[in-house]
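Here's the structure, in structure tokens; my notes come after.
The values are calculated or read from the model by the stated rules, or taken from the named source; none is laboratory data. Please read these numbers as outputs of a predicted model, since none were measured by experiment. With ideal geometry, Cβ positions are generated from the backbone for all residues, glycine too; neighbour counts draw on all protein chains shown. All accessible areas refer to the heavy atoms of the entire protein, side chains included, with ligands and DNA or RNA removed. Shrake-Rupley method; radii C 1.70, N 1.55, O 1.52, S 1.80 Å.
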Amino acid sequence: VPEHAELAWILGCLTNVPRLLRLPQWKMKRASQNNEGTVGLLTYPVLQAADILLYKSTHVPVGEDQVLHLELAQDIAQHFNKKYGEFFPVPKAILSEL
């Protein structure tokens, strides 16, 4: 579905790099790669946000390890709505037990 990549590009243009660098998954993976993290790894959470927001999801089942990525999606939705008007619902987490 090309709209996922297209929305990820748009949302990536609204997301600042320091916010992505604070995500623990980035820090852990970069450490295991001798501080050579890739752009794909850095921007993957923005693609996840696009996957959620594209369908205007209001609730998303997540595990504990994905809560911060959902928080990023929430932040991106709020930022987009503030800049362009109410468009995306801010998704809420439904914590799933593993």
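The table below lists the values:
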{"quantity": "Among residues of the range 84-98, those that are surrounded by 11 or more Cβ atoms within 10 Å (Cβ to Cβ), free of Cβ contacts under 8 Å to residues at least 24 places away in the same chain and among the charged types (D, E, K, R), counted", "calculated": "0"}
{"quantity": "Output for the range 51-77, where each listed residue is under 12 Å from the mean Cα position of the chain (by Cα) and polar (S, T, N, Q)", "calculated": "Gln66, Gln74"}
{"quantity": "Glu36 open to solvent by 80 Å² or more (accessible area, probe 1.4 Å) and touching a Leu at 6+ places or on another chain (Cβ under 7 Å)", "calculated": "no"}
{"quantity": "Residue satisfying condition, being within 30 Å of Glu97 (Cβ to Cβ) and open to solvent by less than 40 Å² (accessible area, probe 1.4 Å), within set Gly12, Gly63", "calculated": "Gly63"}
{"quantity": "Meets criteria (among the polar types (S, T, N, Q) and either surrounded by 12 or more Cβ atoms within 10 Å (Cβ to Cβ) or within 23 Å of Glu3 (Cβ to Cβ) (or both)) for Asn81", "calculated": "yes"}
{"quantity": "Residue list for the range 21-59, filter: small (Gly, Ala, Ser) and in contact with a Ser or Thr (Cβ under 9 Å, 6 or more places away or on another chain)", "calculated": "Ala49"}
{"quantity": "Qualifying residue in the range 14-21 (condition: in a helix (DSSP H, G or I) and in contact with a Lys or Arg (Cβ under 6 Å, 6 or more places away or on another chain))", "calculated": "no"}
{"quantity": "Residue count, the range 43-66 (criterion: at pLDDT 90 or above and assigned to a helix (DSSP H, G or I))", "calculated": "12"}
{"quantity": "Residue count, the range 51-98 (criterion: closer than 20 Å to Asn16 by Cα and basic (Lys, Arg))", "calculated": "2"}
